[in-house]
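The values are calculated or read from the model by the stated rules, or taken from the named source; none is laboratory data. Being a predicted model, the structure only gives us computed values, none of them experimental. When we count neighbours, we look across all protein chains shown, and the Cβ atoms used for this are built from the backbone with ideal geometry, even at glycine. Surface areas here come from the heavy atoms of the whole protein model, side chains and all, with no ligands, DNA or RNA. Shrake-Rupley method; radii C 1.70, N 1.55, O 1.52, S 1.80 Å.
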Amino acid sequence: MIITRTPLRISIGGGGTDLPSYYERFGDYVIAGAIDKYIYIGINRTFTDDYFLKYSALERVRCPEEVKHPIIREVLRMHTVEPAVEIVSMADIPAGTGLGSSGAFTVGLIRAIYALKREYASAATVAQEACRIEIEELKEPVGKQDQYIASFGGLRCLEFAPNGSVEVSQFAISTAT
């Protein structure tokens with residue numbers, strides 16, 4: 001069994017300006033930090049020939065196209081994962097709190113899939129994939145900070161260029177502060 005633990009986040013400055021409609025015109029700079037509340041994703045091989053999904057609902061389907069949960073469906077479409085797998089999600093707090101739970105869910109699921117396939121993916125790769133799924137594939141009206149903070153963790157400065165690239169740096173602050 002593989003279990004990922006992905007942090008939720010708070011924005012300290014610049015939140016909301018990480019949307020393409022803003023950063024494509026002006027660029028953007030966000031300060032955000034991971035907090036000690038998490039989304040957990042468990043993934044396990046099973047003895048059945050289907051996908052067994054447990055989140056706020058239960059699904060048992062034969063192929064990714066049948067999955068109702070949009071993020072799970074798109075991650076399974078992006079990554080070849082054969083049936084006979086169970087995916088479970090749990091969270092320290094409910095969805096819709098404004099702490100980046102969908103981004104953390106997407107990042108955690110992508111990490112779990114890479115671990116299941118025994119492949120390495122950098123924090124930047126995982127964040128980029130999560131953004132592509134939520135923003136480009138699912139057309140969700142979300143920015144990029146949630147996926148990047150969930151993927152990198154810590155207290156970070158995120159710089160969004162007009163071309164969509166993201167520069168991530170450690171926020172220079174003392175431990176005492």
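Since Gly16 meets every condition but one in (1) part of a loop (DSSP other than H, G, I, E, B); (2) touching a helix residue (DSSP H, G or I) at 6+ places or on another chain (Cβ under 6 Å); (3) small (Gly, Ala, Ser), which condition does it not meet?
(2)
Would you please name the residue that is modelled with the highest pLDDT, looking only at residues in region 88-133 that are β-branched (Val, Ile, Thr), touching a Lys or Arg at 6+ places or on another chain (Cβ under 7 Å) and closer than 24 Å to Leu58 by Cβ?
So in region 88-133, the residues β-branched (Val, Ile, Thr) come out as 88, 93, 97, 106-107, 110, 113, 125-126, 133.
When the remaining residues are screened for being touching a Lys or Arg at 6+ places or on another chain (Cβ under 7 Å), the result is 88, 93, 126.
Now restrict to residues that are closer than 24 Å to Leu58 by Cβ: 88, 93.
On the way: Val88: 98, Ile93: 93.
The qualifying residue modelled with the highest pLDDT is Val88.
Considering Glu134, Glu129, Glu140, which residue is open to solvent by 50 Å² or more (accessible area, probe 1.4 Å), closer than 18 Å to Ser101 by Cα, in contact with a helix residue (DSSP H, G or I) (Cβ under 8 Å, 6 or more places away or on another chain) and of a type outside the set (Phe, Trp, Tyr)? Spell out how you get there, then give the answer.
Numbers: Glu134 fails: open to solvent by 50 Å² or more (accessible area, probe 1.4 Å); Glu129 fails: open to solvent by 50 Å² or more (accessible area, probe 1.4 Å).
When all the criteria are applied, what remains is Glu140.
Are any residues in region 21-39 closer than 21 Å to Phe105 by Cβ and in contact (Cβ under 8 Å) with a residue 60 or more places away in the chain, and if so, which ones? Step through it out loud before you land on a result.
Kept after step one, since they are closer than 21 Å to Phe105 by Cβ, are these residues of region 21-39: 30, 32-39.
Residues satisfying the conditions are Val30, Ala32, Gly33, Ala34, Ile35, Lys37, Tyr38, Ile39.
Rundown of residues vs (1) open to solvent by 50 Å² or more (accessible area, probe 1.4 Å); (2) in contact (Cβ under 8 Å) with a residue 24 or more places away in the chain, yes/no style:
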| position | (1), (2) |
| --- | --- |
| Ile41 | no, yes |
| Phe47 | yes, yes |
| Asp50 | no, yes |
| Leu58 | yes, no |
| Arg77 | yes, no |
| Ala84 | no, yes |
